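Beneath this line is the structure, given in structure tokens, with notes to follow.
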Amino acid sequence: MKTAWFFTGMFLAISASFGIAQETSSGFGNLSESSGKPVEAISDEMVLDNDASVAELSGNVEIIQGELHLYADFVRVTYNDEQSDIKTLYAKDNVVVISGEDKATADEADYDLERGTIVLKGNANILQAGNTARAERAEINVDTGASTLSGRVRTVLQPTEDQE
């Protein structure tokens, strides 16, 4: 029963955590529209360690909340000692984040809720409104929407229709 209670609490916390990020993020997809929606997590395997405050999902992981979709081969969720708030979400291998028409991919993604940052590492690629940004590393501040890209940065910006 403790495991079932934790499982329910964990996904409520993920839902609330995504909601906080979505309400303050101002540039990636339709995040604010998804914040109040239920969270669905699908994986081939889930291992819960309440003593370590960690849940690990592996194999074809999908986390879906409204228009927000996170796909990866592996996701680790670290939560606080009270098991009520998510501290970090770490995804690796074939990471894809889709929100609305926007898409980001990377080898790894690390979302630190306390710092309010999402760091994409290894082959980071962001596609937004036809524009692309590629780098070895991309850090996104979820509060301001500001991004810092490093490691052989390449951008392709499409002209707006008004400028043609």
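We did not get these values from a lab; they are worked out from the coordinates using the rules stated. Computed from a prediction, not measured in an experiment: that's the story for all the values here. When we count neighbours, we look across all protein chains shown, and the Cβ atoms used for this are built from the backbone with ideal geometry, even at glycine.
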Pick out, from L89, T78, M46, the residue whose Cα sits farthest towards the positive end of the charge dipole of the range 38-120, with +1 on the Cβ of Lys and Arg and -1 on the Cβ of Asp and Glu.
L89
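Subtracting the Cα-Cα distance from 0.36 nm times the residue separation, let me have the gained length for L157 to V96 in nm, one decimal.
Computed gain between L157 and V96 is 19.8 nm.
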How far apart, in nanometres, would the label points at T132 and D49 be if each is projected 7 angstrom from Cα along the Cα-to-Cβ direction?
3.8
Would you work out the charge dipole size for the range 34-133 about its Cα centre, treating the Cβ of every Lys and Arg as +1 and the Cβ of every Asp and Glu as -1, and quote it to the nearest 20 debye?
400
Return the FRET efficiency for the residue pair E40, S84: r is the Cβ-Cβ distance, R0 is 25 Å, and the value is rounded to the nearest 0.05.
0.80
What is the sum of charges, Lys and Arg at +1 and Asp and Glu at -1, for the other residues whose Cβ falls under 10 Å from the Cβ of L57?
-4
